[in-house]
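See structure below.
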Amino acid sequence: QVRLVESGGGLVQAGGSLTLSCAASGLTAGYYAMGWFRQAPGKEREFLATINWNGRLKYYVDSLKGRFTISRDNAKNAVFLQMNNLKPEDTAVYSCAADRDLGAPRLAQQYEYWGQGTQVTVSS
């Protein structure tokens, strides 16, 4: 059974930083792309970043403007999202996702497995 568990969320002041982690278990041998998405109250789920199985391909939503960095540690079956210069509009539930894919998909519907999410709240 595949399980993705996010951690690292919390309350931070505007301008601060957080690093989210996503621990994956149950992924059988293969190549998995990992992605981060977020959903704010009353808004649709938004793609943030994706990374392919070996970390050589990374894509970000344009609006992040270099504030967020995705990385992964395959030895630990984990993916991370470093978030800098956080803004109140970054407040949302952040979720990681995994998909058996050699590429780095950017659409939510391309991902098969999802975590429960972790809340990030940025105060002004």
Please work out which one of (1) modelled with pLDDT of 95 or more; (2) in contact with a helix residue (DSSP H, G or I) (Cβ under 9 Å, 6 or more places away or on another chain); (3) more than 19 Å from GLN116 (Cα to Cα); (4) open to solvent by 70 Å² or more (accessible area, probe 1.4 Å) is the condition ARG45 fails and give its number.
(3)
Among the candidates GLY16, GLY66, GLY30, residue that is at pLDDT below 95, more than 27 Å from GLN1 (Cβ to Cβ) and part of a loop (DSSP other than H, G, I, E, B)
GLY66
Those residues of the stretch 28-40 that are closer than 23 Å to ARG56 by Cα, open to solvent by less than 50 Å² (accessible area, probe 1.4 Å) and hydrophobic (A, V, I, L, M, F, W, C) come to a total of 4
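Give the number of residues within the stretch 69-85 that are open to solvent by less than 40 Å² (accessible area, probe 1.4 Å) and either farther than 15 Å from ALA49 by Cβ or touching a helix residue (DSSP H, G or I) at 6+ places or on another chain (Cβ under 9 Å) (or both).
So the count comes out to 1.
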If you check ARG56, ARG106, which single one turns out to be surrounded by fewer than 19 Cβ atoms within 10 Å (Cβ to Cβ) and touching a Ser or Thr at 6+ places or on another chain (Cβ under 7 Å)?
ARG106
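Residues are listed down the side, and each one gets a yes or a no for (1) under 14 Å from the mean Cα position of the chain (by Cα); (2) within 21 Å of VAL93 (Cβ to Cβ):
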| residue | (1), (2) |
| --- | --- |
| MET34 | yes, yes |
| ARG45 | yes, yes |
| THR50 | yes, yes |
| ASN54 | no, no |
| LYS58 | yes, no |
| VAL61 | yes, yes |
| THR69 | yes, yes |
| ASP73 | yes, no |
| LYS76 | no, no |
If I ask for residues that are over 17 Å from the mean Cα position of the chain (by Cα), surrounded by fewer than 17 Cβ atoms within 10 Å (Cβ to Cβ) and in contact (Cβ under 8 Å) with a residue 40 or more places away in the chain, which ones from the stretch 12-26 would you list?
GLN13, ALA14, GLY15, GLY16
Which of (1) outside any strand (DSSP E or B); (2) within 17 Å of VAL5 (Cβ to Cβ); (3) not polar (S, T, N, Q) is the odd one out, the single condition VAL79 does not satisfy?
(1)
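The values are calculated or read from the model by the stated rules, or taken from the named source; none is laboratory data. In this text, all values refer to a predicted model and were calculated from it rather than measured experimentally. Methodologically, a virtual Cβ is constructed for each residue, glycine included, from the backbone with ideal geometry; neighbour enumeration extends over all protein chains shown. We work out accessible area using only protein heavy atoms, side chains counted, and drop any ligands, DNA or RNA first. Shrake-Rupley method; radii C 1.70, N 1.55, O 1.52, S 1.80 Å.
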